[in-house]
1. Of everything in the range 25-53, what is surrounded by fewer than 16 Cβ atoms within 10 Å (Cβ to Cβ) and closer than 30 Å to Lys97 by Cα? Give them in sequence order.
2. From the list Ala195, Ala166, pick out the single residue that is surrounded by fewer than 18 Cβ atoms within 10 Å (Cβ to Cβ) and not in a helix (DSSP H, G or I).
3. Mind listing whichever residues of the range 32-47 are among the charged types (D, E, K, R) and either more than 22 Å from Ile66 (Cβ to Cβ) or modelled with pLDDT under 90 (or both)?
4. What number goes with the only condition from (1) in a helix (DSSP H, G or I); (2) touching a strand residue (DSSP E or B) at 6+ places or on another chain (Cβ under 9 Å); (3) surrounded by 14 or more Cβ atoms within 10 Å (Cβ to Cβ) that Arg129 does not pass?
5. Scanning for something surrounded by 12 or more Cβ atoms within 10 Å (Cβ to Cβ), modelled with pLDDT under 90 and closer than 21 Å to Gly7 by Cβ, does the range 54-71 turn up at least one residue?
6. Looking at (1) surrounded by 11 or more Cβ atoms within 10 Å (Cβ to Cβ); (2) at pLDDT below 75; (3) over 30 Å from Lys226 (Cα atoms), find the lone condition where Lys140 falls short.
7. Considering only the range 202-218, I want to know if a residue exists there that is touching a Phe, Trp or Tyr at 6+ places or on another chain (Cβ under 7 Å), under 19 Å from Val92 (Cα atoms), part of a strand (DSSP E or B) and not assigned by TED's automatic domain parsing to the domain that holds Leu84.
Amino acid sequence: MKELTIGALAKAAGVNVETIRFYERKGLLSRPPKPEEGYRRYPMEAVKQVRFIKGAQRLGFSLKEIAELLVLGRQGGISCTEMLDLTSRKVVDIEHKIAALEVMKSTLLELAGKCPGAGNLALCPIWERMAEIPERKEVKEMAKRKVEVFTAGCTVCTDLVDLVKATACPDCQVTIYNLNQGQGVEEAKRYGVTAVPAVVVEGKLLDCCQRAHVTKHDLEAAGIGKPF
């Protein structure tokens, strides 16, 4: 099997040598042992791995997320369905960031519109108001984990609602829908909710909702109660 030097690997993967070394330091790429003579040699599979890492980065995945994906991929611990779920969550995360950036943009445009564009810095309204910008409620809420609970108003549903609220932390934005009152009907269809009570976290219907009894452990495993 053909093997590559670090320079050849970098060229084949479309990155530079320092990127390869960086991935090695982060534990994303195995560093082959150095022979007594010559250079380290990387297997051809490393080209695809480096391209995978770079591609995932371009799509917004963090190095920690990529490292977990690589481990699961090697162990066969992730399915196509799970990759779709992960991708859907990343889309929601990106949408949150876009919304937050739009708020920042509108604020900057507002400040720019009040600046004369000339004169002493001490008289610049942008400079003067920078320290007075409040934390926007909409930006703060965009950074929260979106938790949606679908109910029918029954005792079992009420118990789950209480459990979700008790488990949730300040980083969770919990919304309760009572389908019997016509609330959240379209959302339930979009998420594939066929029975209640049901919990959706960041746009994903939890698998545990297929059981009659959802536990606190199930909710925590979905991220509820953890910093977002």
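1. Residues satisfying the conditions are Arg25, Lys26, Gly27, Lys48, Arg51.
2. Numbers: Ala166 fails: not in a helix (DSSP H, G or I).
Selected residue: Ala195, the only one of Ala195, Ala166 that is surrounded by fewer than 18 Cβ atoms within 10 Å (Cβ to Cβ) and not in a helix (DSSP H, G or I).
3. Lys34, Glu36, Glu37, Arg40, Arg41
4. (2)
5. No, because not a single residue in the range 54-71 is surrounded by 12 or more Cβ atoms within 10 Å (Cβ to Cβ), modelled with pLDDT under 90 and closer than 21 Å to Gly7 by Cβ.
6. (3)
7. Yes, the range 202-218 contains a residue that is touching a Phe, Trp or Tyr at 6+ places or on another chain (Cβ under 7 Å), under 19 Å from Val92 (Cα atoms), part of a strand (DSSP E or B) and not assigned by TED's automatic domain parsing to the domain that holds Leu84.
Here's the yes/no breakdown for (1) under 24 Å from Gly203 (Cα atoms); (2) of a type in the set (Val, Ile, Thr); (3) not in a helix (DSSP H, G or I):
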position: Ala10; (1), (2), (3): no, no, no
position: Val15; (1), (2), (3): no, yes, yes
position: Thr19; (1), (2), (3): no, yes, no
position: Tyr39; (1), (2), (3): no, no, yes
position: Lys48; (1), (2), (3): no, no, no
position: Phe61; (1), (2), (3): yes, no, yes
position: Lys64; (1), (2), (3): yes, no, no
position: Glu68; (1), (2), (3): yes, no, no
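The values are calculated or read from the model by the stated rules, or taken from the named source; none is laboratory data. Keep in mind that what you see is a predicted model, and the values were worked out from it rather than measured. No Cβ is skipped: glycine too gets one built from the backbone with ideal geometry, and neighbour counts run over all protein chains shown.
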